[in-house]
Amino acid sequence: MPSRLIISPSNWNTAGLRKGLREIYPSRALLELAAQRKVPITFGSDAHAPGEVGHAFGEALALARSGGYTHCALLPAAAHPRRR
């Protein structure tokens, strides 16, 4: 039986830049694969303090564009699990 890769909307996270990994994760190769398959993406910063919110989103946006993305998914605040 052939295997299938199922990819759900994905969060590109900038915390790796802040935490010493020096990269946004998941990897660029996975970003390009997701873009080819038109998987929607969102951006996150894994913030644990107000000053960390949105950290390096400009770099994340540039990476997404260079990997083939022209749009990102936006989730309404009401959809957040903590707001239910």
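The values are calculated or read from the model by the stated rules, or taken from the named source; none is laboratory data. Quick caveat, the model's predicted, so the values are computed rather than measured. Reconstructed Cβ throughout: ideal geometry from the backbone, glycine too, with neighbour counts over all protein chains shown.
I'm trying to understand the selection: among the residues of the range 13-55, which are among the small types (Gly, Ala, Ser), exposed (fewer than 15 other Cβ atoms within 10 Å of the Cβ), on the phi < 0 side of the Ramachandran plot and assigned to a loop (DSSP other than H, G, I, E, B)?
27, 47, 49
Given the condition of a type in the set (Gly, Ala, Ser), in a helix (DSSP H, G or I) and at pLDDT below 90, answer yes or no: does some residue in the range 59-69 qualify? Looking for residues that are of a type in the set (Gly, Ala, Ser), in a helix (DSSP H, G or I) and at pLDDT below 90, one finds none in the range 59-69, hence no. Look at the range 28-42: where a residue is free of Cβ contacts under 8 Å to residues at least 60 places away in the same chain and a partner is aromatic (Phe, Trp, Tyr), sitting 6+ places away or on another chain with Cβ atoms under 7 Å, you get 31/12; 35/69; 41/12; 41/69.
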